[in-house]
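The values are calculated or read from the model by the stated rules, or taken from the named source; none is laboratory data. Keep in mind that this is a model prediction, so the values were computed, not measured. Don't worry about glycine lacking a Cβ; one is built from the backbone with ideal geometry, like all the others, and counts go over all protein chains shown. Each accessible area value is taken on the protein alone, full model and side chains, heavy atoms only, with ligands, DNA and RNA left out. Shrake-Rupley method; radii C 1.70, N 1.55, O 1.52, S 1.80 Å.
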Amino acid sequence: MPFQLIKTKPAARKLRGYAFDPSLSIQLDTSTLNNLTYKVAWERLQPGPVGEYIEVVDWDPSSKCLYKPVDLDDPFLLAQDGLQPSESNPQFHQQMVYAVAMTTIRNFEKALGRTISWSPNRKSDGFSADYVPRLRIYPHALREANAYYSPIKKSVLFGYFSAAPDSSALLMPGGTVYTCLSHDIVAHEVTHALLDGMHRRYVEATHPDSLAFHEAFADIVALFQHFTFQGVLEQQIAKTRGELATQNLLGAMVVYVMP
Ligand SMILES: [Zn+2]
């Protein structure tokens, strides 16, 4: 009987990235746990990456530069779990935002038991709306210490800026900080977009607490995702000897040292 080759679609795509942000990779006690391989749902990707949910557009208006989009379906990258983490490689930045955004989307879909949808574009008549297939992500959209979700553009925009660290051991003073390389910032901003897709009026400041709810919810999702990283969880439980009420990385929002 002839041997039959059965090709099945892989369940996941593995992509290397930071569990927190690049500053933890240069500290001895956190450098190992900060290397994480994200497992995101398998899908065919166009260079960008552009997939079913997300379109990464790497246009930097301050530098008037369109960075070459990463092709994660390239056989060499597929065989090596994507590009290796690097602060200086814009294509890795594209990979990092894609990996964290898809992880956040999948966690929402697991919790909801259904597929998510982005907030539609409302037409001027106030009743009808256009379907938005993909959220756009701009890894280098602003030259400032900021990142935000734009409900009008249906986009998430990340900034970058010069570092002014408290400790020169953490970052080179004058080095560049990329908000798109922070797991917590990417998860936080994508959560704003996901929440907007579920409750479209929550972005309207009808009450002082409505925008505060958006912010708190986005922070909580970023924090809870720390608990899904098995290596981080094991290391932090061991380090705190199981007393998670003590200071640890699981309950901390890790963002670069802001100026
Ligand atoms: Zn926010």
Of all residues in the range 115-151 being assigned to a loop (DSSP other than H, G, I, E, B) and within 16 Å of the ligand (Cβ to nearest atom), the one that is most open to solvent (accessible area, probe 1.4 Å): E144
Residue ID - farthest from the ligand (Cβ to nearest atom), chosen from residues in the range 199-223 that are in contact with a helix residue (DSSP H, G or I) (Cβ under 8 Å, 6 or more places away or on another chain) and part of a helix (DSSP H, G or I): L223
Any hit, the range 34-57, residues being assigned to a loop (DSSP other than H, G, I, E, B), closer than 19 Å to G231 by Cβ and either out of contact with any Leu (no Cβ under 7 Å at 6 or more places or on another chain) or not hydroxyl-bearing (S, T, Y) (or both): yes
Among (1) modelled with pLDDT of 95 or more; (2) under 18 Å from H183 (Cα atoms); (3) in a helix (DSSP H, G or I), the one test that K14 misses: (3)
Some residue of the range 22-32 being within 16 Å of the chain's Cα centre (by Cα) and under 16 Å from V186 (Cβ atoms): yes
